[in-house]
Amino acid sequence: MPSGKTHFAFELVLWPLFLAGYDWFLQPTTTELTLFTGAYIFSSLLLSPDLDLYRNRARRRWGPLGFIWTPYAKLFKHRGLSHSLLFGTMTRLLYLTLLFSLVAVGLAYAGLALPGKLQIEPRLLLIAYAGLALPNLLHVLLDRLVSAFK
């Protein structure tokens, strides 16, 4: 299988192509391009499908917070649902949402309030999700391509 460095390099090499295609076809605003780029880089660095492993580069990048991925690694076997083309990114986002919700409830219980409702345009959510999902799709496709040739 490709190493974490290979996956990361592959994702970064293709990022300008996605960005150019996105710019060419959809003519996004600067805010939309920035959101897509930020989500793409964040996902490449921190939301790898390999977070279902106990030891990997993506988990180390979380620094002292890397421990939060231990239950995720126990919940998902390697190359299982976490490596699904359709559901892989979603599993990590739902997992982070659950953790954030638990922290928010804990803070609220301690009397520390979080900001009220946050309203985000649906288009921006789709752009952010595309930026988060594309590197993960590339990761899984590269894994499958290498497996097919072995």
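Taken together, the values in this text are just the output of simple stated rules run on the coordinates, not laboratory data. Bear in mind the structure is a predicted one, so any value in this text is a computation, not a measurement. Cβ placement follows ideal geometry from the backbone for every residue including glycine, while neighbour counts extend to all protein chains displayed.
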Treating only the Cβ atoms of Lys and Arg (+1) and Asp and Glu (-1) as charged, compute the dipole magnitude of the chain about its Cα centre; round to the nearest 20 debye.
620 debye
Work out how much length Ile68 to Leu118 would gain on full extension: take 0.36 nm times their residue separation and subtract the Cα-Cα distance, in nm to one decimal.
15.5 nm
Given (i) 16.7, 56; (ii) 17.2, 53; (iii) 14.1, 41, which label gives Rg and Dmax of the Cα atoms in Å as computed from the coordinates?
(i)
For peptides 92-103, 6-17, 107-118, sequence by mean Cβ density within 10 Å, most packed first:
6-17, 92-103, 107-118
Students often check this: by mean Cβ neighbours within 10 Å, which of 120-129, 23-32 ranks highest, and how do the rest follow?
120-129, 23-32
With θ set to phi - 60°, apply the Karplus curve 6.51 cos²θ - 1.76 cosθ + 1.60 along segment 110-115 and write out the HN-Hα couplings as whole Hz, x wherever there is a Gly or Pro.
7, x, 9, 8, 9, x
Most to least packed among 78-87, 133-142 [average Cβ atoms within 10 Å]:
133-142, 78-87
Taking Lys and Arg as +1 and Asp and Glu as -1, residues besides Phe18 with C-beta under 14 Å from its C-beta add up to -3
Mind checking which of Ala110, Ala128, Thr37 is farthest towards the positive end of the chain's charge dipole, using Cβ charges of +1 (Lys, Arg) and -1 (Asp, Glu) about the Cα centre?
Ala110
Could you calculate the FRET efficiency of Thr34 with Leu96 from 1/(1 + (r/R0)^6), where r is the beta carbon distance between them and R0 is 22 Å, rounded to 0.05?
0.55
Of Leu96, Ile68, Ser48, farthest towards positive along the dipole that unit charges on Lys, Arg, Asp, Glu beta carbons give the chain
Ile68
Give the calculated FRET efficiency between Leu125 and Phe149 to the nearest 0.05, with a Förster radius of 41 Å applied to their Cβ-Cβ distance.
0.65
Scalar couplings 3J(HN,Hα) for segment 69-82 by Karplus 6.51 cos²θ - 1.76 cosθ + 1.60 (θ = phi - 60°), nearest whole Hz, x for Gly and Pro, are 8, 4, x, 4, 5, 6, 6, 10, 6, 4, 6, x, 4, 5
Going residue by residue through segment 122-130, the Karplus relation 6.51 cos²θ - 1.76 cosθ + 1.60 with θ = phi - 60° gives ³J(HN,Hα) values, rounded to whole Hz and with x marking Gly or Pro, of x, 4, 5, 5, 5, 5, 4, 5, 4
